[in-house]
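First the structure, in the form of structure tokens, and then the observations on it.
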Amino acid sequence: MIASCNLHKMRAVMSDPVDYYLSTDGGEIRLNDLIHRRITLRYQHEIHCLRCGRKIPKSFVQGYCYPCFSTAPETEECVLRPELCRAHEGVARDMAYAETHCLIDHYVYLSYTSGIKVGVTRNTQVPVRWIDQGATAALPIARTPNRYLAGCIEVALKSRYADKTNWRTMLQPLAPAPDLSAEVQHALQHLPVELQVYGLTSEQALQLNYPVYQKLPKIVSLTLDKQEELSDTLVGIKGQYLLFAGGGVFNVRKHGGYRIQLEA
Ligand SMILES: [Zn+2]
């Protein structure tokens, strides 16, 4: 099988284990079917902006041209730092976008990736947000009517929990996830009183299993910027990473817009 595409992040479907799909010029490919097979990724030396499609020499923030990066609502500062969101005061790059992405219900959650971390997500992104980060368990602990308030809760919890994932640790077999529900009371008590009203105390933790069938030897991050052809046996998929038998790991999302040929 040979397929071509401008890489997009893999589409994940909640299942046991998670199902992964890659969109190509000829339609979607179920990547779980390629596990245990040798696959080859060939970089075609073209990058296309994920938003406007323009051919670009270098991408910003996982796939955008510079003009899109600096003006698109998808790359506004509050995407990474929800506490900076001003949509609730009527200020945003694109208010129509903010209506459907910032001024809707958000969750603050605890997830287990390389340890317990805190994060924020739109209610519509559950459970995809957790799968994308390779979490093996996740639990919403607060629900707010907009992005800004969720960001305030996250900031208040950053002194107690990490807000980033150590991807090398995440890609190795982990100890079973701890019981996240045991953390909820501690986390909510850590909040200022005016934010405690958004707390959730009766949610169930979600467990997530990934199609990973082999422990990797020493992990090596692969990039098409340095190596135009990657070829090895696919042994697993976790988060947005393809895992190879030799220990190479390929972050699909980071290569957004890269034109490749996939042979399997
Ligand atoms: Zn663009």
- Message: Just to be sure I understand the model, the point goes 7 Å from the Cα along the line to the Cβ. What's the resulting Asp105 to Ser202 distance in nm?
- Response: 1.4
- Note on the structure: On the formula 1/(1 + (r/R0)^6), with r taken between the Cβ atoms of His88 and Val155 and R0 of 22 Å, the FRET efficiency rounded to 0.05 is 0.90
- Query: In nm, to one decimal, how far is the Ser4 label point from the Asp179 one, both placed 7 Å along Cα→Cβ?
  - Reply: 5.6
- Between Gln172, Gln125, Gln240, find the one with the highest GNM mean-square fluctuation for the chain; connect C-alpha pairs within less than 10 Å. Gln125
- Ser70-Thr124 FRET efficiency (beta carbon distance; Förster radius 25 Å; 0.05 resolution): 0.45
- Item | Other-chain or far-sequence residues with amide H under 5 Å of Leu200's (modelled H) | Ala142, Arg143
- Query: In Å, what Rg and Dmax follow from the Cα atoms of the stretch 76-207?
  - Reply: 14.5, 45
- Item | Packing-based ranking, highest mean first, of 142-154, 23-35 given that Cβ atoms within 10 Å are counted | 142-154, 23-35
- Query: For Thr169, Thr121, what's the fewest-to-most ordering of other Cβ within 10 Å of each Cβ?
  - Reply: Thr169, Thr121
- Summed over the other residues with a beta carbon less than 11 angstrom from that of Arg93, with K and R at +1 and D and E at -1, the charge totals -3
- Query: the chain: D in µm²/s via Stokes-Einstein (Kirkwood Rh, Cα pairs, 37 °C, 0.692 mPa s)?
  - Reply: 168
- Query: Taking the Cα atoms only, what angle lies between the long axis of helix 147-157 and the longest principal axis of the chain, rounded to 10 degrees?
  - Reply: 80
- Would you kindly state how much longer the chain becomes between Lys164 and Glu263 on full extension, computed as 0.36 nm times their sequence separation minus their alpha carbon distance, in nm to one decimal? 32.3 nm
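Values quoted throughout were computed directly from the atomic coordinates according to the rules given, and no laboratory measurement underlies them. Remember, predicted model here, so these are calculated numbers, not experimental data. Note that each Cβ is placed from the backbone with ideal geometry, even for glycine, and that neighbours are counted across all protein chains shown.
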